[in-house]
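First up is the structure itself, then whatever we jot down about it.
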Amino acid sequence: MEFTTNIEMKRGDKTFLSAFAFIENCSKLRLKQVELALHDIEYQRYRSFSTDVRKVSFLLGRYCAKKAIASLYNIKSLNQIYIDSGIFNQPIIKLPNIPNMRVSISHDGVSAVALAFPEEHPMGIDIESIDDEKSSEMSTHFTAHEKTLYQGMNHAKNEIDTILWTAKESLSKALKTGLTTGLEIMELETLEKVHQRYFRGTFTHFFQYQTISIIHGNKVITLLLPRKSIVELDRNSNLFN
Ligand SMILES: CC(C)(COP(=O)(O)OP(=O)(O)OC[C@H]1O[C@@H](n2cnc3c(N)ncnc32)[C@H](O)[C@@H]1OP(=O)(O)O)[C@@H](O)C(=O)NCCC(=O)NCCS
């Protein structure tokens, strides 16, 4: 499945526009086609990776990022868009005429997601498979307060673990630090089930932000955005309903 959609966010009398792109279970044939989306410089970098796992993650992450940017700017040739990596590995869009756009990328095997958004309105994204072994490891890093958030949720523990983890990763991308800061500073203060597969979280210390997590099949996708922004996700799409 491939999917791109624009997301409108309202804040007072201002409206901001971001775009979300997703690809999952990408076949070998589709991977080959997706290579055409790479810019020349990206292609050289892609060829230089020594493992197939890194090649695929780089390719699918760049592809989603380009689909999201192209969706906002109506760009036809994805290979015109060059996405570099900054000194902390954060993705940097190098495209004339759109200097204030940012992008956030995440990959998970042969799936990837990206969000393109205006610099004025910081965002982040993360995708992670729900897996018992990984979730047990994740939960060893949660605070005592976070462990109380499971109560009354009526959801599998591994799903909630993955939601909490992806919330922290998405925040760490907006902060550009990655998970190097100590995870307790990114403690989730609240986690609310909005409907069956859709959760909203807020942070104890980073109260400027909220997260929206969606359980999609065996994956969690978490979007980070400013807490007071009001977002209408497209409930009619395959992903969000
Ligand atoms: C950054 C981090 C949260 C990413 O999470 P992950 O589960 O490993 O990987 P994901 O697939 O979700 O995300 C990877 C993408 O995040 C983005 N990213 C990496 N570092 C980032 C940062 N500091 N800020 C914002 N985005 C970043 C990149 O786009 C990367 O994809 P790419 O390398 O193909 O461009 C995680 O790797 C981490 O905490 N790393 C520790 C920090 C680190 O190693 N820093 C090295 C440079 S000092």
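Restricting region 77-100 to residues that are surrounded by 10 or more Cβ atoms within 10 Å (Cβ to Cβ) and of a type in the set (A, V, I, L, M, F, W, C), the residue that is modelled with the lowest pLDDT is Ile98.
Identify all residues within region 103-151 that are over 22 Å from Ile92 (Cα atoms), assigned to a loop (DSSP other than H, G, I, E, B), within 14 Å of the ligand (Cβ to nearest atom) and open to solvent by 70 Å² or more (accessible area, probe 1.4 Å); write none if there are none. Within region 103-151, His141 is the sole residue that qualifies.
Taking the criterion of being in a helix (DSSP H, G or I), more than 16 Å from Ala21 (Cα to Cα) and more than 12 Å from the ligand (Cβ to nearest atom), the residues of region 34-65 that qualify are Glu35, Leu36, Asp40, Ile41, Tyr43, Gln44, Arg47, Ser48, Asp52. Name every residue in region 191-211 that is farther than 20 Å from Val113 by Cα, open to solvent by less than 70 Å² (accessible area, probe 1.4 Å) and polar (S, T, N, Q), in order of residue number. Answer for region 191-211, where residues must be farther than 20 Å from Val113 by Cα, open to solvent by less than 70 Å² (accessible area, probe 1.4 Å) and polar (S, T, N, Q): Thr202, Thr204. So in region 167-190, with the set limited to residues that are more than 7 Å from the ligand (Cβ to nearest atom) and among the hydrophobic types (A, V, I, L, M, F, W, C), which one is most open to solvent (accessible area, probe 1.4 Å)? Taking the candidates together, the pick is Ile185. Kindly indicate which of Ala112, Ala116, Ala144, Ala68 is of a type in the set (Gly, Ala, Ser), modelled with pLDDT of 95 or more and over 14 Å from the mean Cα position of the chain (by Cα). After ruling out the rest, the residue left standing is Ala144. Assess whether Thr181 counts as being more than 17 Å from Glu146 (Cα to Cα) and outside any helix (DSSP H, G or I). In short, yes.
The values are calculated or read from the model by the stated rules, or taken from the named source; none is laboratory data. Since this is a predicted model, take the numbers as computed values, not measurements. All Cβ positions, glycine included, derive from the backbone under ideal geometry; neighbour counts span all protein chains shown. The area values use the complete protein model at the heavy-atom level, side chains included, leaving out ligands, DNA and RNA. Shrake-Rupley method; radii C 1.70, N 1.55, O 1.52, S 1.80 Å.
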